[in-house]
Amino acid sequence: MANPLPPLEQKAVFVREMFGRIAGHYDLMNRLMTLGRDQAWRRFTVAQARHLPPTSSLDRVGEREWRVLDVATGSGDLAFEVLRQQPCAQVVGLDFAPEMLAVAQQKGSGLGITPHLMAGDALRLPFADRTFDSVVTGFALRNVTDIPAAFAEMARVTRCGGRVACLEIAKPRLPLFRRLFAFYFYRLVPLLGEWISGERSAYTYLPHSLTAFLTPDEIVKVMQETGWRDVSYRRLMLGTVAVHVGIRT
């Protein structure tokens, strides 16, 4: 079988075009692939980002002005979850695929809780230093070309003492379940993706992007080296996803 992963120098263009093609089916495939659990994972992720340490600034304004950036917002589910948990938050959802932003805009209009959506690159965030109280991101790291640079940029735009919460797929640790997960993720998901979206190549790339991906412990080290302290993570769904949390130094 040919390698479904693009060369590193072509990855950004490949990923942008791929998400553009699957934008219309992205949410449905997420629900099916995760057996409907992805929304619960997002609720947990946002809850971790909300555990803000007290500062004089937040003591004055309260959480009414909680400023949150959702990096690689996609169809906006994490950004919407922030607003569900804190309706008065100031939320920016950033993504580099216009088609995904269009889906998020349409969803937000229907829900009546549209965050501010804008195009941008996770490796070159278009914000000043210390703009946000928290940063959240979901299922994005496997698609960037430089994970340390992404975490460094998230740290740059987060105020000192602010939090990051990162939701990402992980390889399960239990040997038997790891084999079952591999069969499902590498064999069945591409078939499901082809049936639902007609894009088997996209849903072949997405599982294989986990093959050489960092382990949760390796992600901890990257975060510690790029401006985050007290880094920890929690595995969910029998270890198939992990939520990393860190505090801006």
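Numerical summary
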read-out	value
Close pairs (6 angstrom Cβ cut-off, 6 or more residues apart or separate chains): under 12 Å from Leu238 (Cβ atoms) in region 158-184, assigned to a strand (DSSP E or B) and small (Gly, Ala, Ser) anywhere	Ala170/Ala242
Some residue of region 127-146 being free of Cβ contacts under 8 Å to residues at least 24 places away in the same chain and not hydrophobic (A, V, I, L, M, F, W, C)	yes
Filter result (outside any strand (DSSP E or B) and polar (S, T, N, Q)) within region 112-139	Thr114, Thr131
Residue match in region 212-220 (condition: modelled with pLDDT under 95 and farther than 15 Å from Arg31 by Cα)	yes
Residue satisfying all of: in region 13-40; of a type in the set (A, V, I, L, M) and surrounded by fewer than 18 Cβ atoms within 10 Å (Cβ to Cβ); farthest from Phe96 (Cα to Cα) among these	Leu35
Hits in region 165-187 (condition: aliphatic (A, V, I, L, M) and at pLDDT 95 or above)	Ala165, Leu167, Ile169, Ala170
Some residue of region 193-208 being in contact with a strand residue (DSSP E or B) (Cβ under 9 Å, 6 or more places away or on another chain), surrounded by fewer than 18 Cβ atoms within 10 Å (Cβ to Cβ) and part of a loop (DSSP other than H, G, I, E, B)	no
Helices (runs of 4 or more DSSP H) wholly inside region 1-111 that include at least 2 residues being modelled with pLDDT of 95 or more and out of contact with any strand residue (DSSP E or B) (no Cβ under 7 Å at 6 or more places or on another chain)	11-22, 26-33, 38-49, 77-85, 98-111
Qualifying position, being of a type in the set (Asp, Glu), closer than 18 Å to Ala150 by Cβ and within 17 Å of the chain's Cα centre (by Cα), among Glu225, Glu168	Glu168
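Quick grid of which residues meet (1) among the basic types (Lys, Arg); (2) assigned to a strand (DSSP E or B); (3) in contact with a Phe, Trp or Tyr (Cβ under 8 Å, 6 or more places away or on another chain):
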residue: Gly162; (1), (2), (3): no, yes, yes
residue: Arg178; (1), (2), (3): yes, no, no
residue: Phe183; (1), (2), (3): no, no, no
residue: Leu210; (1), (2), (3): no, no, yes
residue: Glu218; (1), (2), (3): no, no, no
residue: Asp230; (1), (2), (3): no, yes, no
residue: Val245; (1), (2), (3): no, yes, yes
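The values are calculated or read from the model by the stated rules, or taken from the named source; none is laboratory data. Predicted model only: the values in this text are computed from it and were never measured. Please note: Cβ atoms are built from the backbone with ideal geometry, for glycine as well, and neighbour counts cover all protein chains shown.
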